[in-house]
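The values are calculated or read from the model by the stated rules, or taken from the named source; none is laboratory data. Predicted, not measured: the structure shown is a model, and the values here were computed from it. Because the Cβ atoms are built from the backbone with ideal geometry, glycine has one as well, and the counts that use them run over all protein chains shown. These area figures cover heavy atoms from the full protein model, side chains too; ligands, DNA and RNA do not enter into them. Shrake-Rupley method; radii C 1.70, N 1.55, O 1.52, S 1.80 Å.
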Amino acid sequence: SEHLLSWIGLYLDVIEGLAIGPWDRWADLVRSALDHLSPPAITDTVPSRHLLEAPPPLEDWKDVDGLLSPIRSGIVITRADLVRCARHSRLGVRLTGRAPTLRALIDQSPDGVRDWLAEHAAGWEQRHALRSEADGFWVERAGRLRRHLSPGRIR
């Protein structure tokens with residue numbers, strides 16, 4: 001339970017956000033099964049053992065691989081999110097893989113993408129805070145990215 005509960009809520013949130021019938025039902029089934037696991041003893045100051053060995057948080061917001069790695073960034077970016085990012089940045093988007101698409105968006109409109117990412121990170125920070133199993137790790141990772149991207153910060 002310590003391993004699963006430290007990250008699975010993040011992915012179930014994404015699946016539910018896609019609003020695809022069979023996947024929604026699958027996410028509900030997984031959440032129901034997880035209700036039967038004993039939650040680990042987690043505090044806001046001590047992350048689960050699984051997260052203690054996580055790689056360091058993202059340092060450079062233009063590091064696409066880091067942005068697409070939830071354990072480093074604290075966020076998830078789906079293909080649908082990339083479309084929203086492009087609209088926010090007033091760009092067209094050609095969806096290939098997530099990494100090349102995000103790189104192309106950053107190249108075309110770094111300020112627009114940075115602003116969208118800051119909003120996206122803030123949303124994930126709030127979402128993590130609402131999950132009881134968040135144990136502070138995910139909130140801290142998304143919050144760190146949000147603060148790094150905030151207007152007024154020297155880039």
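Among the residues making up the range 1-12, those that are assigned to a helix (DSSP H, G or I) and at pLDDT below 85 are E2, H3, L4, L5, I8, G9, L10.
Tell me which residues, restricted to the range 87-98, are over 24 Å from E59 (Cβ atoms), open to solvent by 50 Å² or more (accessible area, probe 1.4 Å) and either of a type in the set (A, V, I, L, M, F, W, C) or at pLDDT 95 or above (or both). Across the range 87-98, the qualifying residues are R87, R90, V93, L95. On the stretch given as the range 99-138, residues that are modelled with pLDDT of 95 or more, under 16 Å from the mean Cα position of the chain (by Cα) and open to solvent by 70 Å² or more (accessible area, probe 1.4 Å) total 1. For the range 72-86, the set of residues classified as touching a Pro at 6+ places or on another chain (Cβ under 6 Å) and open to solvent by 40 Å² or more (accessible area, probe 1.4 Å) consists of R72 only.
Here are D63, D115: which of them is among the acidic types (D, E) and without any contact (Cβ under 8 Å) to a residue 12 or more places away in the chain? Working first, answer last.
Numbers: D115 fails: without any contact (Cβ under 8 Å) to a residue 12 or more places away in the chain.
The match here is D63.
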